[in-house]
Amino acid sequence: MITLCHINDIEEGTSKGFEIGNKYVFAVKKDAQMYLYYNYCPHLGTPLEWQEDRFLDSDGALIQCSTHGALFLIETGQCILGPCKGKSLRAIPFVMGNGFMMVDEEYVARLGRI
């Protein structure tokens, strides 16, 4: 397991990207809950952010793909609007310990091949 961040490193209603090896993931904090996804749009396979650590729409209510504007629910990763409607982002399993978000580095290394 590797540590990505402390829960307090991400402000409520914001997101943050991380590189693990050569794979990219991002975390979102909403209603004091943490969510972690593979940074890979199910439509074209492009990264989602439009600027560093900017994965959310202007209201901070949905995850937004910078390429085609697809919108995803933060809680489930399901696309509700855009060319990949009905598909979902890949959620990354994680554990919280003493306020730190930790992931299995080997699981992340296999992304794209799972």
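With respect to Gly60, determine if the residue is out of contact with any helix residue (DSSP H, G or I) (no Cβ under 6 Å at 6 or more places or on another chain), in contact (Cβ under 8 Å) with a residue 24 or more places away in the chain and assigned to a loop (DSSP other than H, G, I, E, B).
yes
Matching residues to (1) closer than 14 Å to Tyr40 by Cα; (2) in contact (Cβ under 8 Å) with a residue 60 or more places away in the chain:
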position: Ser88; (1), (2): yes, no
position: Met102; (1), (2): no, yes
position: Val108; (1), (2): yes, yes
position: Gly112; (1), (2): yes, yes
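In the set Gly82, Gly99, Gly112, which member is in contact with a strand residue (DSSP E or B) (Cβ under 8 Å, 6 or more places away or on another chain) and modelled with pLDDT under 90?
Gly112
Take Thr76 and decide whether it is β-branched (Val, Ile, Thr), within 13 Å of the chain's Cα centre (by Cα) and assigned to a loop (DSSP other than H, G, I, E, B).
Criteria met by Thr76.
Select from the stretch 3-32 the residues that are surrounded by fewer than 16 Cβ atoms within 10 Å (Cβ to Cβ) and without any contact (Cβ under 8 Å) to a residue 40 or more places away in the chain and write down the one among them that is farthest from Asp57 (Cα to Cα).
Restricting to residues being surrounded by fewer than 16 Cβ atoms within 10 Å (Cβ to Cβ) and without any contact (Cβ under 8 Å) to a residue 40 or more places away in the chain, the top hit is Asn22.
State all residues of the stretch 33-66 that are exposed (fewer than 15 other Cβ atoms within 10 Å of the Cβ) and of a type in the set (Val, Ile, Thr); if no residue qualifies, say none.
The one that is exposed (fewer than 15 other Cβ atoms within 10 Å of the Cβ) and of a type in the set (Val, Ile, Thr): Thr46.
The values are calculated or read from the model by the stated rules, or taken from the named source; none is laboratory data. Since we're looking at a predicted model, the values are computed, not measured. We place every Cβ from the backbone using ideal geometry, glycine too, and count neighbours over all the protein chains shown.
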